[in-house]
1. Find the centroid of the Cα atoms in region 277-329 and in region 185-244, then give the distance between the two in whole Å.
2. Specify the angular offset, from 0 to 90 degrees and rounded to the nearest 10, of the alpha carbon long axis of helix 256-274 from the longest principal axis of the alpha carbons in the chain.
3. What list of ³J(HN,Hα) couplings, whole Hz, do you get for region 174-183 from phi and the Karplus terms 6.51, -1.76, 1.60, once you set θ to phi - 60° and write x for glycine and proline?
4. Hand me the GluC sites (Glu not before Pro) from region 171-223 located in a DSSP loop with no more than 14 other Cβ atoms within 10 Å, in residue order please.
5. To the nearest 10 square angstrom, what accessible area does Asp52 show with a 1.4 Å probe?
6. Once you keep just the Cα pairs under 8 angstrom separated by 6 or more residues, what percentage relative contact order results for the chain?
7. How far is helix 276-290 tilted, in degrees, relative to the longest principal axis of the Cα atoms in the chain, given as a value from 0 to 90 rounded to the nearest 10?
8. Taking all protein chains as present, what is the carbon and sulfur share of the accessible area of region 218-330, in % to the nearest whole number, probe 1.4 Å?
Amino acid sequence: MIKIGNIELPEFPLLLAPMEDVSDPPFRRLCKTHGADLMFSEFISSEGLIRDAIKSRAKLDIFDYERPVGIQIFGGDEEAMALSSKIVSTVNPDLIDINFGCPVKKVVCKGAGAAVLKDVDLMVRLTKAVIKSTNLPVTVKTRLGWDENSINIDEVAERLQDIGVQALSIHGRTRAQLYKGEADWSHIARVKNNPRITMPIFGNGDIDSPEKALEYKNKYGVDGIMIGRAAIGYPWIFNEIKHYFKTGEKLALPTMADRIEAAENHLTWAMEWKGEWVGIVETRRHYTNYFKGIANFKEYRQKLVTTDNAEGLYRVFEEIREAFSDYVFI
């Protein structure tokens with residue numbers, strides 16, 4: 001069993017990665033339903049929380065059915081990080097996670113996210129500020145380093161553990177790589193095998209199938225796997241991996257009915273959480289992923305992203321059920 005503070009996770013947990021504009025409560029609910037063991041909010045700007053920015057505050061919404069769940073914050077100022085962690089603590093998540101890995105330019109330019117990899121002393125100070133400001137377990141998600149010439153994950157892991165970080169998720173790319181090339185998990189394995197490291201180490205990057213999950217579990221010896229992009233439009237990946245670990249066999253692919261049900265639920269839960277109009281608009285980006293690779297689907301995809309009322313969208317889902325009732329995924 002893996003422990004983070006008082007949180008008990010399964011022997012080899014599967015984590016849903018925090019993803020901006022993706023990992024909101026409706027999406028997390030779908031992934032929880034399909035086997036995710038630990039999930040995180042979208043990352044939240046510490047400065048935004050302090051300014052009472054509406055978008056940042058909305059990201060603090062968590063629900064009991066998704067526990068254990070962490071709220072992830074980012075920033076480059078110690079005082080702001082300390083104050084934001086106090087704000088986060090008031091909504092009672094199971095843990096606070098700090099993002100030191102986001103490679104996006106608008107975050108890095110503010111000296112936050114992956115930019116902090118260039119200054120490990122600053123990373124330590126920011127993390128200490130959070131730990132001192134909350135009684136919740138504090139974890140970190142980061143990358144290997146700024147670029148291939150400055151891979152410093154070994155130092156990062158040791159120093160973060162020394163100040164009280166209770167788990168570390170490592171994406172196997174540098175900031176310079178963004179999401180290109182292959183994730184190099186050999187660095188993650190080296191951290192895990194460091195005799196000084198006792199906190200759980202979770203690997204992240206490129207896991208998109210049960211076979212790859214098992215291969216990386218065995219090859220790199222991590223304590224668990226964090227899955228991000230592969231879960232978008234495909235929340236079934238968590239239970240597929242668990243089933244493959246237990247039996248060595250693959251689950252049947254989700255049927256068209258399964259995919260329609262997931263998309264409908266996503267829409268329904270998004271409208272319940274955000275209101276009808278915002279829920280409709282913000283769910284549109286997910287339909288392509290739910291119905292990826294289906295022949296002759298263009299007409300229905302167009303309807304899904306242009307219909308502007310709930311009743312009409314539910315009718316479109318019924319049309320899809322009828323038109324593709326015999327569709328078989330291979």
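1. 32 Å
2. That works out to roughly 60 degrees.
3. 8, 4, 4, 6, 6, 10, 8, x, 9, 6
4. When the GluC sites (Glu not before Pro) of region 171-223 are filtered for loop state and at most 14 Cβ neighbours within 10 Å, Glu182 remain.
5. Surface accessible to solvent at Asp52 totals approximately 90 Å².
6. 14 percent
7. It is inclined by approximately 90 degrees.
8. 49 percent
The values are calculated or read from the model by the stated rules, or taken from the named source; none is laboratory data. This structure is a prediction, so every number in the text was calculated from the model and none was measured. With ideal geometry, Cβ positions are generated from the backbone for all residues, glycine too; neighbour counts draw on all protein chains shown. These accessible areas exclude ligands, DNA and RNA; they are computed on the full protein's heavy atoms, side chains included. Shrake-Rupley method; radii C 1.70, N 1.55, O 1.52, S 1.80 Å.
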